[in-house]
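Quick notes on the structure that follows.
The values are calculated or read from the model by the stated rules, or taken from the named source; none is laboratory data. Here the structure is a predicted model, which means the values were calculated and not measured. As a convention, Cβ positions derive from the backbone with ideal geometry for all residues, glycine included, and neighbour counts pool all protein chains shown. Remember, those area values only see protein heavy atoms, side chains included, never the ligands or the DNA or RNA. Shrake-Rupley method; radii C 1.70, N 1.55, O 1.52, S 1.80 Å.
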Amino acid sequence: MKTAKLKCVIIVTYFLIASISAVKSSTEELTNVKRSDFPHEFLFGAATSAYQVEGAFHEDGKSLSNWDIFCHIDGNVIDGSNAEIADDHYHRFMEDIEIMESLGLTAYRFSISWSRVLPRGKLGVINQVAIDFYSKIIDNLVLRGIRPFVTLFHFEFPHELEERFGGWLSPLMQEEYVYFAEVCFRSFSDRVKHWLTFNEINLYAEFAYERAVFPPLRCSPPFGDCASGNSDVEPLVVAHNMLLAHGQAAKLYREKFKSKMDGVLGITVSAFMYVPLTDDENDKEAANRALAFNNGWTLDPLVFGEYPPEMRKIHGSELPRFSAEQSLLLSKSIDFIGINHYGTLYAKDCIHSGCICNDSSCTAGSDRAIRGYVYTAGERDGIPIGERTGMDRFYVVPRGMEDIVDYIKERYNNVPMFVTENGFSYPVEKDDSFQLHDVGRIQFHRSYLAHLAQAIRKGGDVRGYFVWSLMDNFEWSNGYGIKFGLYQIEHPTLKRIPKLSATWYTDFLNKSTIFDAPISCNDASRLQSQ
Ligand code: BGC
């Protein structure tokens with residue numbers, strides 16, 4: 001009891017200090033937010049992805065995926081873990097859906113495991129057990145008034161496709177993907193209204209083919225020293241194949257399945273905000289270039305039918321071209337944009353002034369070069385742009401949420417948007433003390449939401465917000481050490497334990513009050529008694 005009291009005092013003090021310094025640090029910083037700041041029909045949800053939560057990696061006909069193979073090679077995942085069991089969502093999905101209902105969510109974003117549904121791709125049979133599994137999830141969500149948002153590709157696919165023809169480096173992957181998409185549309189589009197074809201083509205191409213932290217671990221210097229790969233060209237080829245696959249799937253959806261419930265289809269982008277490192281005009285341009293390279297790489301083709309002019313200018317013939325027919329297929333092929341936003345970085349021009357980052361050290365830590373002769377960093381003169389988190393490049397800059405929405409609104413004529421991911425992880429060394437009493441996470445969501453509300457007031461057509469993530473899960477190459485969940489997963493029991501942020505989210509959604517600092521001791525004890 002004494003310890004609980006002490007913990008509570010620490011939390012309250014921490015929160016108080018954090019709030020005061022938040023107010024002090026920036027007069028522009030907004031922190032107060034309530035449900036009624038958002039439109040009535042605005043959706044509030046949480047997100048997960050199949051590989052990160054399901055487990056059951058080799059059960060009921062699922063084949064081994066690219067990630068299953070990757071995780072079982074020593075050294076690939078920081079803590080040596082794998083996702084054989086993960087959160088065991090495959091067996092516990094009913095409990096998880098009940099949690100969503102108790103939180104008061106009106107939407108849930110999840111992905112469908114390609115290697116579960118089509119263990120051998122087009123070659124083999126459709127795994128009916130997998131179709132039934134996702135059907136049950138969808139039915140139970142719908143029954144509880146929770147809108148399913150389904151992502152088709154969230155980094156995971158049958159390893160056999162990598163073996164047979166080299167995965168996304170090959171145009172053959174397009175047909176495989178469209179077949180997978182068709183199976184999913186046919187099975188679920190009578191109950192699923194919101195589809196996302198791909199999660200973060202930009203991040204996937206970079207992590208798997210430029211920096212080699214995702215399978216198939218391909219890269220070349222100065223980005224890394226891989227057995228094979230070409231960091232300059234392969235990410236462009238991979239993204240090109242994915243964009244064309246998206247275009248074909250979108251066409252198929254609109255022609256054959258959309259009418260089932262007047263559904264909509266979009267895509268997500270990993271959408272950092274970039275601000276110039278200095279007031280120098282060249283750095284301002286670098287920040288614009290970084291935005292165009294990061295978001296425009298995916299979104300320009302899907303809205304305008306062509307890669308961003310900023311990219312064409314720099315890459316020249318390295319950047320693949322779309323034929324007139326392909327360009328037509330791609331343009332206007334999304335009904336909405338999914339924004340995965342976590343943080344903001346500084347951008348420095350490397351065309352006019354050269355950059356300190358011109359060797360492999362760029363790939364380490366938070367400072368590194370990205371395409372487009374831009375050096376991006378989380379610090380200026382040793383001072384971080386925002387609070388550090390568990391992820392190298394995710395600094396807490398709430399204003400970035402408003403800015404990125406403004407940017408996407410302007411560039412893409414206010415196509416409807418959803419914030420499909422936004423979340424916070426403590427630095428690993430702090431996580432234990434704040435695991436359940438995660439006031440930092442509450443502070444994060446409140447301030448990002450406050451800026452999101454501001455962007456909406458300024459006219460941004462944003463229609464929903466998803467916390468990443470419903471529960472702690474397998475954080476890719478980072479294993480289980482980095483945690484984003486509203487719920488903790490206790491090991492080895494796999495018991496779901498609500499964090500204080502889960503309580504905050506429920507209060508925010510259901511009571512429509514400002515859950516303001518400081519958090520009282522009652523909140524802490526309410527949590528403990530659950
Ligand atoms: C991915 C998630 C991941 C999150 C945090 C996003 O880029 O879509 O799968 O867990 O970032 O790293």
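Taking a straight line from the alpha carbon of residue 348, these lysines sit under 30 Å away, with near neighbours fewer than eight places off in the same chain left out: 24, 284, 313, 409, 458. The trypsin sites (Lys or Arg not before Pro) of the range 285-321 that DSSP puts in a loop, and whose beta carbon has at most 12 other beta carbons within 10 Å, are 321.
In percent, rounded to a whole number, the relative contact order of the chain is 18, using alpha-carbon pairs under 8 Å and six or more apart.
Rolling a 1.4 Å probe over the protein heavy atoms leaves residue 432 with an accessible area of roughly 130 Å².
Surface composition of the chain: carbon and sulfur make up 55 percent of the accessible area, probe 1.4 Å.
Note on the range 39-505: along the principal axes its Cα atoms extend 57, 51, 48 Å, ordered by decreasing extent. The aspartates and glutamates within cross-link reach of residue 251, meaning a Cα-to-Cα straight distance under 14 Å and a gap of 8 or more places when in the same chain, are 175, 182, 325, 335.
Within the full protein context, the accessible area of residue 285 is estimated at about 110 Å² for a probe radius of 1.4 Å. Applying Stokes-Einstein at 20 °C and 1.002 mPa s to the Kirkwood radius of the range 147-302, computed over alpha-carbon pairs, gives a translational diffusion coefficient of 127 µm² s⁻¹. Going through the cross-link list 193/499; 34/495; 193/258; 430/499; 193/256, which pairs have a Cα-Cα distance over 19 Å in this structure? Beyond 19 Å between Cα atoms: 193/499; 34/495.
Protection proxy ranking for 211-222, 375-386, using the average of other Cβ atoms within 10 Å per residue and placing the highest first: 211-222, 375-386. Taking the DSSP beta bridges with both ends in the range 39-505, the antiparallel portion is around 25 percent. Summarising the amide proton neighbourhood of residue 275: residues at separation of 5 or more, or on other chains, whose placed amide H is nearer than 5 Å comprise 345, 346, 347. Counting only DSSP H runs of at least 4 residues, each contributing -39500 (n - 2.57), and dividing by the residue count of the chain, the helix-based mean residue ellipticity at 222 nm comes to -12000 deg cm²/dmol. One chain, two ends: residue 261 and residue 228. Fully extended at 0.36 nm per residue, the span grows by 7.3 nm beyond their Cα-Cα distance. The residues of the chain present an accessible area of 38 Å² per residue when probed at 1.4 Å with all protein chains retained. Centre-to-centre separation between the Cα atoms of the range 101-130 and those of the range 424-469: 27 Å. Computed over the range 21-151, the range of Cα coordinates on each principal axis works out to 56, 41, 26 Å, biggest value leading.
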